[in-house]
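Written below as structure tokens is the structure these notes are about.
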Amino acid sequence: MDQNGYLDEKEVNAAPGLSGEFKDIDRDADGKVSPAELEAFVLERGKANASRLLLQVSDDGRIYFSMIDSDHDGFLSQRELQAASNW
């Protein structure tokens, strides 16, 4: 980072976890990422990560899956997952 007050594409791509994200971060498309643009991107990414759910089901988990899949359509809806989280 060259301490000029903004990040260019090369600097963004060199930063861990930001490679390939330049166009998404540079909201005004001026070829520079300002501190405000970077902060907005990080906050949005944090919100997205906070709303993710990872569900791992193994062969032994088929019983649990069928218990959660209350309408037995083979998919877990948001309603079914919320109901399961209250168990």
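Listed by chain and number, the aspartates and glutamates whose alpha-carbon sits under 20 Å from that of K47, ignoring those within fewer than 8 places in the same chain, are E21, D24, D26, E37, E39.
Relative to the longest principal axis of the Cα atoms of the chain, helix 35-50 runs at roughly 10 degrees.
Springs between Cα atoms under 10 Å define the GNM used for the chain, and in it the highest mean-square fluctuation of G46, G74, G17 occurs at G74. With the convex hull drawn over the C-alpha atoms of the chain, the volume per residue is 151 Å³. Pairs of alpha-carbon atoms within less than 8 angstrom and 6+ residues apart define the contacts here; what relative contact order does the chain have, in percent? Reported as a whole number, the value is 16 percent. For K10, the lysines whose Cα comes closer than 19 Å to its Cα, not counting residues fewer than 8 places off in the same chain, are K23, K32.
Highest GNM mean-square fluctuation among R27, R62, R45, for the chain modelled with Cα contacts below 10 Å: R62.
Shape class for region 9-50, computed from the alpha carbon gyration tensor (a ≥ b ≥ c): oblate, with a/c not under 1.5 and a/b at or below b/c.
All of the numbers you see were taken from the coordinates with simple rules; none came from a lab. A quick note: this is a predicted structure, and the numbers were derived from the prediction, not measured.
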